[in-house]
Amino acid sequence: MSVAQLFKPRRELGRTGFIVTALGIGDLADRKVPLETCVATVRRAINAGLNLIDTAPGYEDGYSEDIVSRAVQGVRDQLFIIDKVDHHEAPVEAQVDSSLKRLAIDHTDAFVFHGLSSMSSLTRMMQPGGTFDQLADCVRKGKTRFRGISSHDPDVLVSALQVGVCDIVMFPAGPFVDERYIAGVLPLAKSLGAGTVCFKTFGAGKLLGDTVGYNQPMQVRPRGKLSSGGGVAEAVLPHLSVVDCVHYTLTLDPDVALLGLSFPNEQDAAFSAALEFVPLSDDRMEDIRIRAIEARQDKGSCWWNPDPQA
């Protein structure tokens, strides 16, 4: 598949004024993969037209930011770059400056607090002079244009949106996520004009394959029925397809579905699914949800839900 300009920007990311593509470029950092290969993979997605990219200092200890730094050279102005503040209650500006240095740019389009999933932390961070105020100072100084959070807790997301500290929210939206993300957070964010950038379309890979997440092989597999030779064979676990997952998330209609696609064949499968997308019926959505429950069984906890074992 040729990836030259497959996608075009489709709508504004919340109130940011930036027109984003339906798919975004998630983290591709893997220190087992050469830097040049990772950069080429990101550039392939950019060449396909994807114009939002996500990174964080904690992704492979800065390797992700190194990849993004090289991948965006010459095209930075065409992209919406999101970076993270990993340490929620440590001084913010020093973290922002370190990330900008690794990225080799003078500002990002957004910095968000990474994985902010504690209500008590959120309360402390929102105190006068706290880290939300410090991130707002970085906006005023031109080091980033917008602020927000990524979170694995619907209640934290709702609270942060209601008090007006988020231009952007990042949260799970896929066939196997806590329903409050979809029924509560997504419509609230849209009503307030906050951009919605959603992840876990593939359930960290659990929905597509036999992994405990992010291509980590299962150490123990469930046993199946007696084989013809008298032994007990390993069970064949149920899976969803890339089309199932991508179409499900796109039907939910976040501003951006953020996909971590580490290899060209993975990109091609997701790109093809997105290009043939037609919104799913309620019955089809329910069918995928039911099959997703089966597909994630015996594959470890789903840490993006408040109850990871649910």
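Using a Gaussian network model of the chain with C-alpha springs under 10 Å, which one of GLY17, GLY205, GLY130 is most mobile by mean-square fluctuation? For the chain, modelled as a Gaussian network with Cα springs under 10 Å, the answer is GLY17. Extending 7 Å from the Cα toward the beta-carbon at both GLN162 and GLN216 defines two label points whose distance is 3.4 nm. Annotation for GLN297 and LEU275: the two label points, set 7 Å from Cα along the Cα-Cβ direction, are 3.7 nm apart. Extension gain, LYS101-GLN73: 0.36 nm per intervening residue step, less the Cα-Cα distance, totals 8.7 nm. Look at where the Cα atoms of region 280-306 and of region 17-50 average out, and the two centres are 26 Å apart. Taking 7 Å steps out from each Cα toward its Cβ at LEU192 and LYS32 produces label points 4.0 nm apart. When Lys and Arg each count +1 and Asp and Glu each count -1, what net charge do the other residues less than 9 Å away from THR196, Cβ to Cβ, add up to? That works out to -1.
Loop sites by DSSP among the chymotrypsin sites (Phe, Trp or Tyr not before Pro) of the chain, restricted to those with at most 16 other Cβ atoms within 10 angstrom, leave 1-213 as the longest stretch without any of them. Cross-link candidates for LYS141: which aspartates and glutamates have Cα within less than 15 Å, leaving aside residues fewer than 8 places away along the same chain? Reachable aspartates and glutamates: GLU93, ASP97, ASP106, ASP109, ASP133. When the pairs LYS101/LYS190; LYS84/LYS190; LYS32/LYS200 are compared against a 26 Å limit on Cα-Cα distance, LYS101/LYS190 fall above it. Considering only trypsin sites (Lys or Arg not before Pro) in DSSP loops that have at most 13 other Cβ atoms within 10 Å, the longest stretch of the chain without any of them is 142-310. If exposed GluC sites (Glu not before Pro) are those in a DSSP loop with at most 13 other Cβ within 10 Å, what is the longest stretch of the chain that has none? Between exposed loop sites, the widest span is 90-275. Karplus-based coupling profile of region 211-217, in residue order and whole Hz: 9, 7, x, 6, 6, 8, x, with θ = phi - 60° in 6.51 cos²θ - 1.76 cosθ + 1.60 and x standing for Gly or Pro. If the Kirkwood radius is taken over C-alpha pairs of the chain, then at 25 °C and 0.890 mPa s the Stokes-Einstein diffusion coefficient equals 123 µm²/s. Under the convention that each Lys and Arg Cβ holds +1 and each Asp and Glu Cβ holds -1, the size of the dipole of region 11-295 around its Cα centre is about 200 debye. For the chain, modelled as a GNM whose springs connect Cα atoms under 10 angstrom apart, the maximal fluctuation among LEU207, LEU188, LEU258 occurs at LEU188. When shorter helices are ignored and each DSSP H run of at least 4 residues is given -39500 (n - 2.57), the per-residue value for the chain at 222 nm works out to -10000 deg cm²/dmol. When the chain is treated as a GNM with alpha-carbon contacts under 10 Å, the residue of ILE82, ILE290, ILE46 showing the greatest mean-square fluctuation is ILE290.
Distant-in-sequence amide contacts of LEU261, defined by a placed amide H-H separation under 5 Å and a gap of 5 or more residues or a different chain, comprise GLY26.
Placing one equal scatterer on every Cα of region 99-174 and applying the Debye formula, the log10 ratio I(q)/I(0) at q = 0.24 Å⁻¹ is -1.12. If the chain linking ARG10 and VAL139 were pulled fully straight, counting 0.36 nm for each residue of separation and taking away their Cα-Cα distance, it would gain 43.9 nm.
Readers should treat all values here as calculations from the given coordinates under stated rules, not as data from a laboratory. Remember, predicted model here, so these are calculated numbers, not experimental data. For neighbour counting, all protein chains shown are included, and Cβ atoms are generated from backbone atoms with ideal geometry for every residue, glycine included.
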